[in-house]
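The values are calculated or read from the model by the stated rules, or taken from the named source; none is laboratory data. As the structure is a prediction and not an experimental result, all values here were calculated from the model. As a convention, Cβ positions derive from the backbone with ideal geometry for all residues, glycine included, and neighbour counts pool all protein chains shown.
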Amino acid sequence: MTLSAEQMRVTAAKVFDEADTDKDGTVSVEEFLIYLQGKGVDMHTAQNLFLQMNFQRDTLLTRTEFDLAATRYADTGQPGEASVLFGER
Ligand SMILES: [Ca+2]
């Protein structure tokens, strides 16, 4: 099943809110890995995803990066590893 960009962006926003456990408006590496571990994602996949989504190449993810990632993955039609974050499994 293909997800539209709009669906993926809505999901990305929800995931962002869930992953940002200290509610500081960013998702740190730790928050990201803990969130994905909670979803049963292995550490290697989680780290890869962080690198793929970290467009600004810093130590945290912003809401904008989540949004951008969702849009990009929807464009390719192949979310791959990102499907654990933005799509159906
Ligand atoms: Ca945070």
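Here GLU65 meets the list (1) modelled with pLDDT of 80 or more; (2) of a type in the set (D, E, K, R); (3) in a helix (DSSP H, G or I); (4) out of contact with any strand residue (DSSP E or B) (no Cβ under 9 Å at 6 or more places or on another chain) almost entirely, failing just condition (4). The residues in the range 22-33 that are within 11 Å of the ligand (Cβ to nearest atom) and either among the β-branched types (Val, Ile, Thr) or surrounded by 12 or more Cβ atoms within 10 Å (Cβ to Cβ) (or both) can be counted, and the count is 7. Here VAL84 passes the criteria (1) within 15 Å of ASP17 (Cβ to Cβ); (2) at pLDDT below 95 except the one numbered (1). Among the residues of the range 72-83, which ones are surrounded by fewer than 19 Cβ atoms within 10 Å (Cβ to Cβ) and under 22 Å from VAL29 (Cβ atoms)? Hits for the range 72-83 are ARG72, GLY80, GLU81, SER83. Among the residues of the range 34-51, are any more than 16 Å from the ligand (Cβ to nearest atom), surrounded by 13 or more Cβ atoms within 10 Å (Cβ to Cβ), at negative phi and not in a helix (DSSP H, G or I)? Checking the range 34-51: at least one residue is more than 16 Å from the ligand (Cβ to nearest atom), surrounded by 13 or more Cβ atoms within 10 Å (Cβ to Cβ), at negative phi and not in a helix (DSSP H, G or I).
The set of residues from the range 8-29 being in contact with a helix residue (DSSP H, G or I) (Cβ under 8 Å, 6 or more places away or on another chain) and either within 14 Å of TYR73 (Cβ to Cβ) or part of a helix (DSSP H, G or I) (or both) comprises MET8, ARG9, THR11, ALA12, ALA13, VAL15, PHE16, GLU18, ALA19, VAL29. None of GLU18, GLU6 is more than 14 Å from the ligand (Cβ to nearest atom) and either modelled with pLDDT under 95 or not aromatic (Phe, Trp, Tyr) (or both) except GLU6.
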